[in-house]
Structures are given as structure tokens and as C-alpha cells.
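Comments concern the structure below.
Every number here is computed from the coordinates shown, using simple stated rules; none is lab data. All of these numbers come straight from a predicted model, not from anything done at the bench. Backbone-built Cβ (ideal geometry, glycine too); neighbour counts: all protein chains shown.
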């Protein structure tokens with residue numbers, strides 16, 4: 001197998017970054033330390049120094065691919081750009097990874113294992129499966145609401161519906177259409193998996209709640225906004 | 001005989017319609033939009049001029065006054081138009097995202 005073909009089999013890590021100047025550098029470094037050579041970061045129109053930090057990282061790590069949205073379009077749009085880039089580069093496995101340092105690069109191996117073995121096409125990380133994460137009570141309530149909402153609208157009962165840590169096979173990445181630009185994309189991905197009968201499973205992962213990550217998390221108001229948008233979109237179909 | 005308020009509304013309608021005609025002449029709106037807005041303002045004029053003959057409207061509803069029927073109908077129409085505007089804005093939003101994403105990918109391909 002050629003070097004290029006070997007690299008292609010290695011997972012592509014796709015990260016959407018919006019105003020993450022404080023964390024994105026260390027996220028890229030931690031991924032590099034774990035030996036991941038295909039990292040795609042999409043700067044989603046950040047107004048801080050995120051792009052500058054990424055450009056500095058790209059000088060240090062030649063494997064880093066940096067794309068930049070001219071204006072902020074949302075995590076869903078940025079992930080779709082990153083996934084499209086990864087597919088164009090020949091990715092066979094794509095991992096979506098958060099830019100705020102909540103995800104543990106050491107857990108990528110266990111996340112992609114079922115996809116590598118061909119057992120499923122999608123693996124969804126779940127912070128509730130093994131209770132390793134120290135989830136704030138309020139956040140837990142909001143997430144449980146999201147699980148209920150997804151159960152009602154997609155008919156699928158999952159343990160964690162808004163976890164950005166997920167692995168997709170090339171086939172699944174091509175099948176799943178992300179039309180929602182902002183945070184609603186997480187629900188849309190699950191909707192697509194159910195509609196298109198894409199084989200998937202959940203795997204326990206750790207979400208690290210630092211003060212920084214808590215600051216950047218979703219508010220209740222945002223969660224209600226997401227739910228309303230999803231309902232309106234269903235009406236418009 | 002028309003009261004002062006009805007005359008004022010008629011003048012406003014005439015002014016509003018003149019803006020529609022101007023926009024159509026400038027090419028700012030197409031014939032379809034010109035026709036629809038002319039129809040809307042024509043209906044307003046008819047409602048004002050023949051308001052005494054609108055009693056039949058209350059026969060189909062539980063509302064007492066013809067004006068209430070007109071108001072209720074207008075609110076429903078406004079909600080529908082709001083929904084159409086939401087759909088249009090959402091569609092434009094998606095188009096903007098498509099352009100932004102494609103520009104980012106194209107810049108990457110050229111590197």
C-alpha cells in the first residue's frame with residue numbers, strides 16, 4: 001500500500017473553530033502528540049486571533065489543513081466544509097472533534113474502532129454511557145431535554161444526542177446531508193442516520209468541563225431556539 | 001358620505017399605490033408584485049367605499065361587526081406573509097452559507 005493510501009486509511013479529524021484562540025492551539029498539539037496526521041480545522045469567521053493561532057500551528061505541523069469562512073456561518077456549516085475537504089482528500093474515516101478542549105484525543109482510537117472493523121458506519125460518543133464526565137446539573141437537565149426531543153422527532157432513543165465527538169465512515173459522510181448551519185446540525189445528523197438507516201452505535205466518551213468550556217456552552221435560551229427552528233423546518237418540508 | 005378618517009385613509013392608499021407604480025416603472029418590482037399590491041390596495045379602497053354593504057361578512061362568522069371580520073382576516077393574512085418571509089430569509093441564509101463554504105474550499109484547493 002502506498003504512503004498516500006496508508007494516510008488515507010488514517011482518520012481525518014475535523015474541527016470547527018469559532019473564537020477559540022485560547023484553546024485551539026493546545027487542541028491541535030494534543031492531536032499531534034497522539035500521532036494524528038490528518039487534521040482539518042475550519043475557522044468559522046472568528047473575530048479573535050483563532051486564524052492567526054491556526055496559521056502558526058500550520059507552520060509547526062505541516063499536516064494541519066486550515067480553511068476559513070469569510071463570515072461566521074455556524075458549527076454545522078463549518079463541519080460540513082471540513083467534512084467536504086476531508087472527503088476530497090480521500091478520507092475513509094472522519095472524526096468530528098470540538099475546538100474547546102472538551103474532547104480527549106486518546107479516546108479517538110476506541111471511537112473509530114467499530115467503523116474501522118466495518119461493524120457500523122457511524123459511532124456517536126456518549127457522555128452518559130459510563131458516567132465518566134462530571135456534568136453540571138443544569139447542563140445535564142438541558143441535555144436530557146434534548147434526548148427527549150430527539151426521541152419524539154427522530155423516533156430513536158439515544159443516551160447523548162448533542163455530543164460533537166463522532167466518527168463517520170466515508171460512505172456515511174457522503175450520505176449524511178448537513179443543511180442546518182448552526183447547533184441544530186447535531187439533531188439533523190441523528191435524523192439523517194435514522195431516515196437513511198445508517199448503521200450506528202454509541203460509545204462512552206469523556207467530556208471535560210473546564211471553566212472555559214462551561215462559558216462557551218449552550219444556554220437554555222439557545223436550546224429552546226434550536227428546538228423551535230427544528231420544528232419550523234419540519235413544517236416547511 | 002365619507003368621514004374624515006376614511007378620506008385620510010384613501011389619500012394614504014393613493015400615496016402607497018403611487019409608490020408601487022414608481023417601483024414598477026423603475027424595474028424594482030416585477031409585474032406579478034405590481035398586480036398583487038394593486039389588488040391589495042384596490043380591496044382596501046372598496047372596503048372603505050362600500051363599508052355599509054359589508055354586513056354579509058358577519059353571516060359566516062360569530063363576529064358582530066364587519067370591521068372585526070376584516071381585521072381578523074388581515075391578521076391571518078399577515079401571519080401567512082410572515083411565514084413566507086421566514087421561508088425566504090431561511091433560503092437566502094442557506095445560499096449565503098453555500099457561497100461562504102465554497103469560497104473556503106476553493107481557496108484550499110488552489111493552495
Just from its helices, what would the mean residue ellipticity at 222 nm be for chain B, if runs of 4 or more DSSP H residues each count -39500 (n - 2.57) and the sum is divided by every residue, rounded to the nearest 500 deg cm²/dmol?
-> -28000 deg cm²/dmol
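With 10 angstrom as the radius, rank A:183, B:1 by how many other C-beta atoms surround their C-beta, starting from the fewest.
Details: A:183 18, B:1 3.
Ordered by Cβ neighbours within 10 Å, fewest first: B:1, A:183.
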Rg and Dmax of chain B, Cα atoms, in Å?
-> 21.7, 76
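Write down the percent of antiparallel bridges among all DSSP beta bridges whose residues are both part of the protein assembly as shown, to the nearest 5.
Values: 7 of 28 bridges.
Here the share of antiparallel DSSP bridges comes out near 25 percent.
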When only C-alpha pairs under 8 Å and at least 6 residues apart count, what is the relative contact order of the range A:1-122, in percent?
-> 35 percent
Principal axis lengths of the range A:12-134 from Cα atoms, whole Å, largest first?
-> 39, 36, 28
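Between Rg and the Kirkwood Rh of the range A:48-116, both from Cα atoms, what is the Rg to Rh ratio? Could the numbers behind the result be given before it?
Working: Rg = 13.4 Å, Rh = 13.9 Å.
We get a ratio of 0.97 for the range A:48-116.
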Counting partner chain Cβ atoms within 10 Å of every residue's Cβ in B:94-106, what's the average?
-> 6
Relative exposure of B:70, A:14, judged by other C-beta atoms within 10 Å (fewest first) | B:70, A:14
If all Cα-Cα distances of the protein assembly as shown are sorted into 10 Å bins from 0 onward, what percent lands in each bin, rounded to whole numbers?
-> 5, 20, 26, 17, 10, 11, 8, 3, 0, 0
Taking chain B as the reference, fit the longest principal axis to its C-alpha atoms, fit the long axis of helix B:66-110 to the helix C-alpha atoms, and give the angle between the two in degrees, 0 to 90, nearest 10.
-> 10 degrees
Give the dimensionless ratio obtained when the Cα radius of gyration of the range A:131-189 is divided by 2.2 N^0.38 Å.
-> 1.24
B:106, A:92, A:20, A:116 arranged by Cβ crowding within 10 Å, fewest neighbours leading | B:106, A:116, A:92, A:20
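Report relative contact order for the range B:1-73 in percent, whole number only (criteria: Cα-Cα under 8 Å, sequence separation at least 6).
Values: 31 pairs, mean separation 17.0, N = 73.
Value for the range B:1-73: 23 percent.
Please work out the FRET efficiency for the pair residue B:49 and residue A:141, using the Cβ-Cβ distance as r and a Förster radius of 45 Å; give the result to the nearest 0.05.
Numbers: r = 59 Å, r/R0 = 1.31.
According to the calculation, E is roughly 0.15.
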Give the distance, in whole Å, between the Cα centre of the range A:80-132 and the Cα centre of the range B:1-64.
-> 59 Å
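Report the calculated FRET efficiency for residue B:38 and residue B:6 (r = Cβ-Cβ distance, R0 = 22 Å), to the nearest 0.05. Walk me through the numbers before you get to the answer.
Numbers: r = 20 Å, r/R0 = 0.91.
FRET efficiency, residue B:38 to residue B:6: 0.65.
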Cα axis of helix B:31-49 to longest principal axis of chain B: angle in degrees, 0 to 90, nearest 10?
-> 20 degrees
